Amino acid sequence: MLAVALLAAACASSRRGIEVPDGGGVPLPDHAAFWERVAAPCRGVRTMEFLLVLGGRSGDTTLRRTRMRAAAERSGSLRIEALAPFGAPLFVFVARDDSATLLLPRDAQVVRDARPAEVLQALAGLALAPADVHALLTGCLAPDPVATAARRHPDGSVTVELEGGAAAYVRGAEGAQVVAAGRRGDLTVEYSAHVRGLPRRLRIRMDGPRGGADLSGTLSRVSMNITLHPAAFEVDVPAGYTPVSLAGLRGGSPLEQASPPAGDAAARP
């Protein structure tokens, strides 16, 4: 559903199902100016508030498609509230800089003072800091990305190498070019359904020792550059909640798809 044909097969390789260029192309001498134009929309997003529907796989665990209400700041603050079909949220995650709290209302548990990347790894298989999440969702790939080189391929698409080893894959007509995919370390992302240069759909693949992750997400009701109150990145912990470590979470990730009871499939008409 989210597939984006980036390049002809002659110059592309598959990174676990997402096609990205593999070398080749003609050097682009004005790579810095080119990247500044393409990255202008994502660089212009200081804050964002949005709904995210996310699902897929983390390791050998299926993560159910879940609607999430979220807010992010480029400076490194993030809030994600995973909504249930009814009743209390599946979880509320808040993070500022390098400290995160994870509230689990359905289990009356709380994880305090954790590293945000470790919490997101436990929830969805993505070890990302809050600023990295903001950059990933907007299409910048990395906070404050700076181009170091670029290559234009025969079909007109462009690979832009970024500081830190990341790369953005750009396609589209002159004046309407967008980041269609990117890679950063073990993470590869594919973007589509752009609105004013910003993606509304994405697919994320993360290589990892336990099978990595493969997630698909859709953003909607996106509001950008609004004032977000500091309280948005805080959460009140009700009395009686049990403090736990990430390793002590009951039942694994709250996003995990529950298996049907034994014999349930056979009982269906």
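Values quoted throughout were computed directly from the atomic coordinates according to the rules given, and no laboratory measurement underlies them. The structure displayed is predicted, hence computed values, not measured ones. Counting neighbours? That spans all protein chains shown, and the Cβs are built from the backbone with ideal geometry, glycine included.
Put simply, when 217-227, 94-104 are sorted by average Cβ atoms within 10 angstrom per residue, most first, you get 94-104, 217-227. Coupling constants for the range 56-73 follow from the phi torsions by the Karplus curve (6.51 cos²θ - 1.76 cosθ + 1.60, θ = phi - 60°), and in residue order they are x, 9, 10, x, 9, 9, 7, 9, 5, 5, 10, 8, 10, 9, 9, 9, 9, 10 Hz; glycine and proline get x.
If we sort 179-192, 106-119 on the protection proxy, mean other Cβ atoms within 10 Å, highest first, what's the order?
Numbers: 179-192: 22.2, 106-119: 17.0.
Packing order, densest peptide first, comes out as 179-192, 106-119.
The range 47-114 and the range 147-196 have Cα centres lying 28 Å from one another. With respect to the chain, whose longest principal axis is taken over its alpha-carbon atoms, helix 31-43 is tilted by about 30°.
Just need the relative contact order of the chain here, percent rounded to a whole number, with Cα pairs under 8 Å and 6+ apart.
On the way: 589 pairs, mean separation 63.2, N = 269.
Over the chain, the number comes to 23 percent.
Spacing of the modelled spin labels on ARG221 and ASP30, each 7 Å from Cα toward Cβ, amounts to 4.2 nm. Using equal-weight Cα scatterers in the Debye expression, the normalised intensity of the chain in log10 at q = 0.16, 0.17 Å⁻¹ is -1.21, -1.34.
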